[in-house]
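The values are calculated or read from the model by the stated rules, or taken from the named source; none is laboratory data. This is a predicted model, so every value here is computed, not measured. Note that we place each Cβ from the backbone using ideal geometry, even for glycine, and neighbour counts take in every protein chain shown. Heavy atoms of the whole protein, side chains included, go into the accessibility calculation; ligands, DNA and RNA do not. Shrake-Rupley method; radii C 1.70, N 1.55, O 1.52, S 1.80 Å.
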Amino acid sequence: MLWLIVLLTLTAICITFLGWMVSEPGYDGPATGHFNGSTFENPGEVPDKDFFDVMKWYVQRDQGEWTAVPEEEVTFASKPADAVTDGMVITYVNHSTFLIQTAGVNILTEPVWSERVSPVSFAGPKRFRPAGVKLEDLPPIDLILISHNHYDHLDIKTLKKLNETFEPRVIVPLGVDQYLNKEGITKTEALTWWDENPIDSDITIHAVQAQHFSARGLFDRNKTFWSGYVIDTPSGSIYFAGDTGYGDFFKEIGERYDITVGLIPIGAYKPRWFMKPMHVNPEEAIQVHKDVGADISFGMHFGTFPLADDGMKDPENGFFEAMQKSGNIGVNFKLLTEGDSFELRD
């Protein structure tokens, strides 16, 4: 019995030490409506799941089936053009990574090409589908958008490679810039909700509200912010939701902006008692599309990394089931396979 106590104690010490090692610096600024001077908060009565909730989830996990897709079964995108000046082309890489090409500017959302999204390379959620665009086939990248600092959205290994090759500007929520600067990525610009940042005379980035949380370790929870983005372009506005739970703020986004294309998450939503505050399910994702008034939307954040209890096909199946419900027939919301592109020509 003594050996078990010693083993559990050593394990707890190791986890705590690793959690401390990977915790990152937080935002240092004045208190605001959603920053209390130490941590960021979601407005309203949003349940904040703590460490004990996380442990309860891990103990009770009932994860659905995942099956790795080999590279030979994936249709990779053709090498993208160096630039698109006529309309916009949006290529789905997978997970939350899109290549957006418009007005001569190449934008990547949440670039993740690593095999695991984790603080360590030997454990943590592994990739079950290859990225639909090869990293070496990317055109010159001008701009990167990061919605928050979780490992499946801020992949520092990939960001460093892109920074070495292209030195793009990187738009992040408040506080995330400090971590990137520490890692040698210095062309960062931090925004809070409803800020705007002109990229050039044609493109402006707006940070918009999302409902989520942040952390890279055990001791930096909510020390940096989270957001979605609206990308204004000459060919229409693109709404990138990032990670988010459902809330009334989507209607405000729809009122503030004329959305042409929505990029909306549909996965990592089970079990609902734990995931609901931070991740919409497929039915809620369809409502987000309606709330923001997008002309067309595409799903993301599904089928690549096992982040929650939904199986690999659950988000897709749940999405198609929800689309058949009364009130959703004819809704212009689609799912792409990695490597697929959507084109909107002027």
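Scanning region 301-335 for residues that are among the polar types (S, T, N, Q), outside any helix (DSSP H, G or I) and open to solvent by 20 Å² or more (accessible area, probe 1.4 Å) yields 324, 326, 332. Against the test of being within 30 Å of residue 25 (Cα to Cα) and out of contact with any helix residue (DSSP H, G or I) (no Cβ under 8 Å at 6 or more places or on another chain), the options 289, 279 yield a single qualifying residue, 279.
Here region 235-267 is the region considered, the condition is being hydroxyl-bearing (Ser, Thr, Tyr) and in contact (Cβ under 8 Å) with a residue 60 or more places away in the chain, and the residue that is nearest to residue 208 (Cα to Cα) is 260. For region 336-346, a residue qualifies if it is among the aliphatic types (A, V, I, L, M) and not in a loop (DSSP other than H, G, I, E, B), and exactly one does: 344. Among the residues of region 169-189, those identified as without any contact (Cβ under 8 Å) to a residue 60 or more places away in the chain and open to solvent by less than 40 Å² (accessible area, probe 1.4 Å) are 170, 171, 172, 173, 176, 177, 180, 185, 188. For region 85-105, a residue qualifies if it is open to solvent by 10 Å² or more (accessible area, probe 1.4 Å) and outside any strand (DSSP E or B), and the qualifying residues are 85, 86, 103, 104.
Considering only residues in region 157-168 that are in contact with a helix residue (DSSP H, G or I) (Cβ under 8 Å, 6 or more places away or on another chain) and over 13 Å from residue 143 (Cβ atoms), the one that is surrounded by the most Cβ atoms within 10 Å (Cβ to Cβ) turns out to be 158. Of the conditions (1) at pLDDT 95 or above; (2) open to solvent by 40 Å² or more (accessible area, probe 1.4 Å); (3) part of a loop (DSSP other than H, G, I, E, B), residue 75 satisfies every one except a single condition; which number is it? Looking at each condition in turn, residue 75 falls short on (1). Evaluation of residue 285 against the conditions (1) small (Gly, Ala, Ser); (2) open to solvent by less than 20 Å² (accessible area, probe 1.4 Å); (3) on the phi > 0 side of the Ramachandran plot shows that the sole unmet condition is (3). The set of residues from region 215-265 being in contact with a Gly (Cβ under 6 Å, 6 or more places away or on another chain), surrounded by 24 or more Cβ atoms within 10 Å (Cβ to Cβ) and among the polar types (S, T, N, Q) comprises just one member, 224. Counting only residues that are over 12 Å from residue 302 (Cα atoms), outside any helix (DSSP H, G or I) and open to solvent by less than 30 Å² (accessible area, probe 1.4 Å), how many does region 272-282 have? Residues flagged as over 12 Å from residue 302 (Cα atoms), outside any helix (DSSP H, G or I) and open to solvent by less than 30 Å² (accessible area, probe 1.4 Å) within region 272-282 amount to 2.
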